[in-house]
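Take a look at the structure below.
The values are calculated or read from the model by the stated rules, or taken from the named source; none is laboratory data. Keep in mind that this is a model prediction, so the values were computed, not measured. Cβ atoms come from the backbone with ideal geometry, glycine included; neighbour counts cover every protein chain shown.
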């Protein structure tokens, strides 16, 4: 019966309507796969030994959310939390696949407007997401490991303060770093240990690089860079 209904819809739909149906089904499938994998990964690697709000260890299990994730209650501050608390997916109504598309666009060096179009969000949301992602990257520097053996350095520059239209209306700039851009520098060794740094504005200069890596890359390491 259900298959007959589906066949009837497809047989009587125009090409445009079929394309809309296909797109919605694809988005639903992609979101389901991303959503399941992301929440499973977060749950498997989540440290539930303390409260992310007040750092107290006096916590108890507090049921599950609508996705089946374990929730917790802090006995000290009375706040609840789960495995996605504090992550990029925390307090967002957007779908996981939109975050994946946006992050890919960000590291492709796209403008805020272009990233917004790709992820299906507004430009103000695009700006908020970009700052949120860069904030998470900056937080990763707190527990950076000491690298060893061969170390690879790479950098990526991203526009974070203006939309694509704003940049297009400005006089064309010469090639090089701009104060309106943030630079993300990543050092990774052959054991997959990483040190990530986000600059405030423009290029990270040699003195700043030395400060970042002086305690992270021993003199015995071989450093490989494309610059």
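Quick check on this structure: which one of 142, 191 is exposed (fewer than 14 other Cβ atoms within 10 Å of the Cβ), closer than 30 Å to residue 222 by Cα and modelled with pLDDT of 80 or more?
Working: 142 fails: modelled with pLDDT of 80 or more.
Only one candidate passes the filter, namely 191.
Within region 109-116, not a single residue is modelled with pLDDT under 75, surrounded by fewer than 18 Cβ atoms within 10 Å (Cβ to Cβ) and out of contact with any helix residue (DSSP H, G or I) (no Cβ under 8 Å at 6 or more places or on another chain).
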